[in-house]
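Each reported figure results from applying straightforward, stated rules to the coordinates on display, with no laboratory input. All of these numbers come straight from a predicted model, not from anything done at the bench. Positions of Cβ are backbone-derived with ideal geometry, glycine not excepted, and every protein chain shown enters the neighbour counts.
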Amino acid sequence: MNYIQTQTRKWLRIAFVNLLIVALLGTLMRYKIAYSLPFIEQQKIMNAHSHFSFVGWVTQALMVLMVCYLSTQTNENIFKKYRWIFIANLVTAYGMLFSFSWEGYGLTSIIFSTLSIFVSYAFAFIFWRDLNKIKIKSIAHYWFIAALIFSVISSFGPFFLAYMMANHWEHPNLFLATLYYFLHFQYNGWFFFACAGLFSSYLNLGQISLRIQKAIFWLFAAACVPAYFLSALWLPMSSLAYLLVVLSAIAQSVGGFLLIYSIIKKREFFLNQIRRDSRWILILSALALSIKLFLQLASTIPFLSNFAFGFRPIVIGYLHLVLLGVITLFIIGYSRLKELLIVNKISNAGVFLFITGIILNEFFLMFQGVSYMNYINIANINVWLLAAALLMFIGIILLNTGQWKNKKVKVNDDQNK
């Protein structure tokens, strides 16, 4: 095992421990909804859960994987340079975890939230500078630069929310619009573009033409800003603005179709190149992405838009579809593909339970949303949602346990193909 792989594994282990904490908080919230848990304040735990999942889990994992990519491209030991950024990001993440859990939105939690934004600025500046030192530019560089830009753009949301709170502005629509602004440029900007950048090297290996790759990138990049209004269709907007929103949804759907079609067209290469134990996870991530793009396109229909934003389980289901189904599954699949996660029976069982929990969670949330629309109360639905959360939690426990096993299970070539 080379130095780059050793360092990446070390930092990824911390990120996956953070994912375990995210799953624990999610399980606690589901338990409190289904049963009594008086010493837990739901709103405070929810804030801790969301902030820690963004910074402590996804951002930490993506930063580590992007630095790993940069190291392999330059053949330089650059982990020492980024070590302080990883540590600073973890400090702010755990600061938000404890402060939000204890006081909710308060001085301490706001300080740590603000510091996490400045850490993301530092990472964006240093990574962009190091990326530009590479002489041969690939399509991955396009994705990474866009990801960094959207990461910075997303930070304007929390700053504006802080300004609103400081001035005691009570505008529910403006508050929601600003919150969705932050979520959009995190989910569909920073998270998605960083993942696409990591995977793009495999598109090059699969001999997918640069013209097609550039088309996919520009379709997503050009659509990202106007696609924000897909999250704010409940706001009044002009016919021209609505047209731009529809076009952005179409552009992203076309980009997704081109990406998946190109992979299917070269499926023999990808079947041989990607290990079987990683392949099915990445396929499920691609399926989740396809569902997401379809739902975005469908949401441009006014009736469906009102339905989607009118029922909380639908909104939560969509957010979890992206964060868990698209982003988290991609990080797991990609990390296994690059042999950055130890693959053994324990970790395999963990991944299986985790994915089963994701699927059940999405099904129950959508079922709950449809039942609410028809004014039907489903008995024990919160218990079933708790069971799905427990499956994900147990799955992440096993996945983490598998990473501390010293011996990797050897899988012969026939099993991996």
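Ranking 63, 96, 302 by Cα position along the charge dipole of the chain, where only Lys, Arg, Asp and Glu carry charges on their C-beta atoms, puts 63 farthest toward the positive end. Relative contact order for the chain: 17 percent, from Cα pairs under 8 Å spaced at least 6 residues apart, divided by residue count. For the cross-link pairs 133/266; 135/265; 137/214; 135/266; 80/214; 80/405, the ones whose C-alpha atoms lie over 21 Å apart are 133/266; 135/265; 135/266; 80/214; 80/405. Around the Cα centre of the chain, unit charges on the Cβ atoms of Lys, Arg, Asp and Glu (plus for the first two, minus for the last two) sum to a dipole of about 1440 debye. In percent, rounded to a whole number, the relative contact order of the range 244-366 is 32, using alpha-carbon pairs under 8 Å and six or more apart.
Summing charges over neighbours of residue 329, with a neighbour being any other residue whose Cβ is under 14 Å away from its Cβ, gives +1 when K and R count +1 and D and E count -1.
Spatial offset of the range 87-119 relative to the range 182-249 amounts to 29 Å, using the alpha carbon center of each. For the range 57-75 versus the range 331-366, the spacing of their alpha-carbon centroids is 21 Å. Per-residue 3J(HN,Hα) values for the range 270-279, derived from phi via the Karplus relation 6.51 cos²θ - 1.76 cosθ + 1.60 with θ = phi - 60°, read 5, 5, 7, 7, 9, 4, 4, 6, 9, 4 Hz in sequence order (x marks Gly and Pro).
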